[in-house]
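Take a look at the structure set out below.
The values are calculated or read from the model by the stated rules, or taken from the named source; none is laboratory data. Nothing here was measured: the structure is a model prediction, and the numbers come from that model. Note that we place each Cβ from the backbone using ideal geometry, even for glycine, and neighbour counts take in every protein chain shown.
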Amino acid sequence: MDNPESPTMFIVCGEALFDVFATGSTPTGLGFDGRIGGSPFNVALGLARLGQPVGFCGGVGTGFAGERLMQALDDEGIDARATARIDAPTTLSLIGLDARGVPSYAFYGQGCADRLLRAEHLEAIPAEANCFHLGSYAMVVQPVGATQRTLVEREHRRSVISYDPNIRANVEPDLDVWRATLQWMLPRTHLLKVSDEDLGLLYPGRSITQFAADALAAGTPLVVVTRGADGAVGFTARGSVHTPPVKVAVADTVGAGDTFQAALLTWAAETGRLTPAALAAIDNTALAEALGFAARAAAITCSRRGADLPRRAELA
């Protein structure tokens, strides 16, 4: 892989939260294990571990949970200049097993810091930032959703915009809201990564190929659809490229999609393609290389428990 000068800075926008896993009964109640999470946080983590300069733009609470999130940003070398400290609770995603062993989810996010990012907070984004990744529920809840749209509108003509809808129906169950957001983003997005599972929710009965054609026609020059055990497919105006999954003993798939996203962006940076024009001009040979690199990164995450994303040396 070529190694031109790295991009000046990525900014990942969205939520950082805690996934709280029930660990079983205790003599006085229940035990819990809180793990730092949130799809955007994971993408920022993945970029940092892959050697890319990255900052996080999102609301983080001022309590002890928010302090732990800030420590994680610092530990991973993620720039926090655009991270807004907001006097509000930290979102919790509570995960437990029912009597049959099936996971159940309870989401506690109303009024929490990650939803309260406002337009004035965008002023803290470093001027050198030239690639913005957005996704997940921060794009569809308010006021943060409107704030991020303001950012996209401001930046999409000069910077790379990367987007992953990453649907969380337990946060916003109205799929029309997710569809409308995706449609708004298509003409403003240069790299769209979406899972076939999310497409099945949003557009049941529509093929991946038809969705990609519609997205390309709407103005997104590069569309990547991840398909789990069936690999991934990339689409441009020049055609499509399929990459198979990398065979690995799977521990779990937590963070695999976020790893794939971070690796795609890293590949674009390392090969000098992190501009709107360069992404639009990518040929099938280069796209196959990009998808293969991202698949190898995602496989490493799948081989480990939890969202333990790889470092660049592991992909040498």
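Are there any pairs with C-beta distances below 7 angstrom linking a residue in the range 136-151 that is touching a residue at least 60 places away in the same chain (Cβ under 8 Å) to a residue that is basic (K, R), with the two at least 6 apart or on different chains, and if so which?
S136/R168; Y137/R168; V144/R115
Could you give me the residue pairs with C-beta distances under 9 Å whose first residue belongs to the range 152-176 and is over 30 Å from T8 (Cβ atoms) and in contact (Cβ under 8 Å) with a residue 40 or more places away in the chain, whose second residue is among the small types (G, A, S) and assigned to a loop (DSSP other than H, G, I, E, B) wherever it lies, and which are 6+ apart or on separate chains?
From residues that are over 30 Å from T8 (Cβ atoms) and in contact (Cβ under 8 Å) with a residue 40 or more places away in the chain, the pairs are V171/G109.
With the requirement that a residue be surrounded by fewer than 18 Cβ atoms within 10 Å (Cβ to Cβ) and either closer than 17 Å to V140 by Cα or not charged (D, E, K, R) (or both), what does the range 189-201 give you?
Of everything in the range 189-201, those that are surrounded by fewer than 18 Cβ atoms within 10 Å (Cβ to Cβ) and either closer than 17 Å to V140 by Cα or not charged (D, E, K, R) (or both) turn out to be G200, L201.
Could you list, in sequence order, the residues of the range 71-94 that are closer than 16 Å to S39 by Cα and among the hydrophobic types (A, V, I, L, M, F, W, C)?
A72, L73, I78, L92, L94
With respect to G55, determine if the residue is over 16 Å from P143 (Cα atoms), in a strand (DSSP E or B) and either β-branched (V, I, T) or modelled with pLDDT of 95 or more (or both).
It is true that G55 is over 16 Å from P143 (Cα atoms), in a strand (DSSP E or B) and either β-branched (V, I, T) or modelled with pLDDT of 95 or more (or both).
Determine which member of the set D19, D33 is touching a residue at least 24 places away in the same chain (Cβ under 8 Å) and part of a strand (DSSP E or B).
D19
Within the range 184-227, count every residue that is assigned to a loop (DSSP other than H, G, I, E, B) and more than 19 Å from R158 (Cα to Cα).
Residues of the range 184-227 that are assigned to a loop (DSSP other than H, G, I, E, B), as a first pass: 189-190, 203-207, 219-221, 227.
Narrowing further to those that are more than 19 Å from R158 (Cα to Cα): 203-207, 227.
Within the range 184-227, residues that are assigned to a loop (DSSP other than H, G, I, E, B) and more than 19 Å from R158 (Cα to Cα) number 6.
Are any of the residues in the range 70-77 farther than 27 Å from L315 by Cα, of a type in the set (D, E, K, R) and in a loop (DSSP other than H, G, I, E, B)?
No: zero hits.
Which pairs have Cβ atoms under 6 Å, sit 6 or more apart or on different chains, and link a residue in the range 95-109 that is within 16 Å of G37 (Cα to Cα) to one that is modelled with pLDDT of 80 or more and of a type in the set (V, I, T)?
Cβ pairs passing all conditions: Y105/I95; F107/V171; G109/T91.
Given the structure, is T226 modelled with pLDDT of 95 or more, β-branched (V, I, T), touching a Ser or Thr at 6+ places or on another chain (Cβ under 9 Å) and surrounded by fewer than 20 Cβ atoms within 10 Å (Cβ to Cβ)? Spell out how you get there, then give the answer.
Working: modelled with pLDDT of 95 or more: yes; β-branched (V, I, T): yes; touching a Ser or Thr at 6+ places or on another chain (Cβ under 9 Å): yes; surrounded by fewer than 20 Cβ atoms within 10 Å (Cβ to Cβ): no.
Answer is no for this residue.
Is it the case, given these coordinates, that A65 is surrounded by 18 or more Cβ atoms within 10 Å (Cβ to Cβ), modelled with pLDDT of 95 or more and part of a loop (DSSP other than H, G, I, E, B)?
Against the criterion (surrounded by 18 or more Cβ atoms within 10 Å (Cβ to Cβ), modelled with pLDDT of 95 or more and part of a loop (DSSP other than H, G, I, E, B)), A65 does not qualify.
Anything in the range 177-206 that is free of Cβ contacts under 8 Å to residues at least 24 places away in the same chain and of a type in the set (A, V, I, L, M)? List them, or say none.
Of everything in the range 177-206, those that are free of Cβ contacts under 8 Å to residues at least 24 places away in the same chain and of a type in the set (A, V, I, L, M) turn out to be A180, L182.
Could you tell me which of the residues T301, T259 is surrounded by 15 or more Cβ atoms within 10 Å (Cβ to Cβ), in a helix (DSSP H, G or I), touching a residue at least 60 places away in the same chain (Cβ under 8 Å) and not acidic (D, E)?
When all the criteria are applied, what remains is T259.
Which pairs do you get when a residue that is crowded, with 17+ Cβ neighbours inside 10 Å, found in the range 265-286, comes within reach of a residue that is modelled with pLDDT under 95 and assigned to a helix (DSSP H, G or I), reach meaning Cβ atoms under 9 angstrom, with the pair 6+ apart or on two chains?
Close Cβ pairs satisfying both conditions: T266/L315.
Report whether or not T209 is free of Cβ contacts under 8 Å to residues at least 40 places away in the same chain, under 25 Å from T285 (Cβ atoms) and either buried (at least 21 other Cβ atoms within 10 Å of the Cβ) or of a type outside the set (F, W, Y) (or both).
Values: free of Cβ contacts under 8 Å to residues at least 40 places away in the same chain: yes; under 25 Å from T285 (Cβ atoms): yes; either buried (at least 21 other Cβ atoms within 10 Å of the Cβ) or of a type outside the set (F, W, Y) (or both): yes.
Spelling it out, T209 is indeed free of Cβ contacts under 8 Å to residues at least 40 places away in the same chain, under 25 Å from T285 (Cβ atoms) and either buried (at least 21 other Cβ atoms within 10 Å of the Cβ) or of a type outside the set (F, W, Y) (or both).
Residues of the range 88-123 being buried (at least 20 other Cβ atoms within 10 Å of the Cβ) and either of a type in the set (D, E, K, R) or modelled with pLDDT under 95 (or both), which ones?
S93, D114, R115
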